[in-house]
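Chemist: Right, I'll just put the structure down here and ask away after.
The values are calculated or read from the model by the stated rules, or taken from the named source; none is laboratory data. This is a predicted model, so every value here is computed, not measured. Counting neighbours? That spans all protein chains shown, and the Cβs are built from the backbone with ideal geometry, glycine included. Each accessible area value is taken on the protein alone, full model and side chains, heavy atoms only, with ligands, DNA and RNA left out. Shrake-Rupley method; radii C 1.70, N 1.55, O 1.52, S 1.80 Å.
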Amino acid sequence: MIKKIIVGVLLLIASFANAQESTSSPYSIHGLGILNFRGSIANKTMGGLSTYADPITPNIQNPALYGDLKTTALGVGGTYKTTTFKESGTEASGKATTLDYLTVSIPADKFGFGFGLVPYRSVGFSFRGVNAQGLEESNTGSGNVNRVYLGTGAKVFKGLKLGAEFQYNFGRIENVVTQFPEAQNDTRIITQTDVRGVSYTLSGVYDLNLDEQTLLRASVVYSQSGKIKSENIQELSAVAIATDGAVSTTENEIVDIADRSFSLPSRLTLGGAFIKKSKWFVGGEVYLENNNDYQDRVQNRVGVNYAKAYGVKVGGFVIPKYNSLTSYFKRVTYRFGMRYERLGLVLQGEDINEFGTSFGVSLPVSQGLSSIDLGMELGSRGTTDAGLVQENFVNFSIGLSLSDKWFRKRKFN
């Protein structure tokens, strides 16, 4: 039965991976899109905290915590998102699915390491209106900036763990603008951007044992402002769009446009937590992000600025009785969290902020070493002021954490 459940979860997450859109937000037209990765499902349901990990559940936001790892772990997760858009008294809706992460984490004596793939930022939008020249046009965008990472962490001495992670960022983003003049053929402009660059993260964690079961934790994570290069090309076409939606091209021209180089936002995160081993956890963290050198992937847009970002997150979990023999639900981990973030995007003088409240459970399987993680987040992004759009979203997440002790020496042959 457990094997059937695990296979079902993997098939469901695989369907997320095949989805075409990872987000549906008009705000993803700016920069490299909306930040997509907020940690594993377990961490996302605690407000996205980076301060917690246990020996069988790695934290892929904080490499220092690889030093606590006791089992080899495979993690995979995906999210289904539904969004309601509000603008000047009108409403619309959208949906998106995404593969959140695919990770492997391995202990190695006094240290641990991990590697994997995460969609770092996502672009997905579609809207229609009148441009500055008075022409009706449609504007759509799609794509991801993905991140391959390799991280390691180790216990330096009692209570102190240090870690580092190297990241390679890459992806392709496409923007299609179609104009509909009345007296001539429609015009389509396809802008394709290929993104690549490297970045790294450094972190440290210090645990102070208050007694055998209780500890106080302090954490610091610094993500470096890595350089990003966007290589851009445009295709200009005269097109005719039939009533059934079929598109025929009558003229076509490829135009090279200027490439751009800029820095990813750098982020400093400080966190703290109280932990009662195998019983409960409560923690919080704040971060400050420098966006001053961040830019649009193709051009600077009028009324768009990038400023310092910051965020506050709180969350935790409780396990009624992790070793209960009579009740499965007492062994379940119940998670909760909240976050408030100023995203660092300023449109028409208005800060774009985001708020989320999350809940989740981790359902133990396979003698408690593995789990199926379920989560839900309710939140909002943006504002209706200055003619902007407010997004109200509901995210449903599912993840699988498979853990086991590999490379064990046999006692008997």
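Chemist: Testing S225 on (1) part of a strand (DSSP E or B); (2) closer than 26 Å to P119 by Cα, one condition comes back false. Which one is that?
Modeler: (1)
Chemist: Which of the following residues is outside any strand (DSSP E or B), open to solvent by less than 60 Å² (accessible area, probe 1.4 Å) and touching a residue at least 12 places away in the same chain (Cβ under 8 Å): D194, D296?
Modeler: Exactly one residue qualifies, and that residue is D296.
Chemist: On to the next question. Which condition number in (1) open to solvent by 30 Å² or more (accessible area, probe 1.4 Å); (2) assigned to a loop (DSSP other than H, G, I, E, B); (3) touching a Ser or Thr at 6+ places or on another chain (Cβ under 6 Å) is the one that I60 fails?
Modeler: For I60, the failing item is (1).
Chemist: Let me ask something else. Being of a type in the set (D, E) and modelled with pLDDT of 95 or more, is that true of even one residue in the range 187-197?
Modeler: So far as the range 187-197 goes, no, none of its residues is of a type in the set (D, E) and modelled with pLDDT of 95 or more.
Chemist: Look at the range 262-280 and say how many of its residues are more than 21 Å from T201 (Cβ to Cβ) and touching a strand residue (DSSP E or B) at 6+ places or on another chain (Cβ under 8 Å).
Modeler: Qualifying residue count, the range 262-280: 6.
Chemist: Also: If you take the residues in the range 209-222 that are of a type outside the set (G, A, S) and at pLDDT 95 or above, which one is surrounded by the most Cβ atoms within 10 Å (Cβ to Cβ)?
Modeler: Among them, the one singled out is V221.
Chemist: Condition first: of a type in the set (A, V, I, L, M), at pLDDT below 90 and over 25 Å from the mean Cα position of the chain (by Cα). Now tell me which residues in the range 134-186 satisfy that.
Modeler: Across the range 134-186, the qualifying residues are L135, V177, A183.
Chemist: For Y101, state whether it is under 21 Å from G315 (Cβ atoms), touching a residue at least 40 places away in the same chain (Cβ under 8 Å) and either of a type in the set (A, V, I, L, M) or outside any strand (DSSP E or B) (or both).
Modeler: So Y101 fails the test.
Chemist: Select from the range 120-171 the residues that are among the aliphatic types (A, V, I, L, M) and over 27 Å from G67 (Cβ atoms) and list them in ascending order.
Modeler: Scanning the range 120-171 gives V123, V130, A132, L135, V145.
Chemist: For the range 105-130, give me each residue that is among the polar types (S, T, N, Q) and either open to solvent by 30 Å² or more (accessible area, probe 1.4 Å) or under 29 Å from K155 (Cα atoms) (or both).
Modeler: The answer is S105, S126.
Chemist: Quick one: in the range 277-293, of everything that is of a type in the set (D, E) and part of a strand (DSSP E or B), which residue is nearest to G31 (Cα to Cα)?
Modeler: The qualifying residue nearest to G31 (Cα to Cα) is E289.
Chemist: Quickly run through the range 153-166 and pick out the residues that are under 20 Å from G114 (Cα atoms) and open to solvent by 60 Å² or more (accessible area, probe 1.4 Å).
Modeler: Passing the criteria: K155, V156, L162, F166.
Chemist: Is at least one residue of the range 75-88 in contact with a strand residue (DSSP E or B) (Cβ under 9 Å, 6 or more places away or on another chain), of a type in the set (S, T, N, Q) and surrounded by fewer than 17 Cβ atoms within 10 Å (Cβ to Cβ)?
Modeler: Within the range 75-88, one or more residues are in contact with a strand residue (DSSP E or B) (Cβ under 9 Å, 6 or more places away or on another chain), of a type in the set (S, T, N, Q) and surrounded by fewer than 17 Cβ atoms within 10 Å (Cβ to Cβ).
Chemist: Which condition number in (1) surrounded by 24 or more Cβ atoms within 10 Å (Cβ to Cβ); (2) within 18 Å of the chain's Cα centre (by Cα); (3) modelled with pLDDT of 85 or more is the one that L102 fails?
Modeler: (1)
Chemist: Would you be able to say whether some residue in the range 208-219 is in contact (Cβ under 8 Å) with a residue 24 or more places away in the chain, farther than 18 Å from G33 by Cβ and touching a helix residue (DSSP H, G or I) at 6+ places or on another chain (Cβ under 9 Å)?
Modeler: Yes, the range 208-219 has at least one match.
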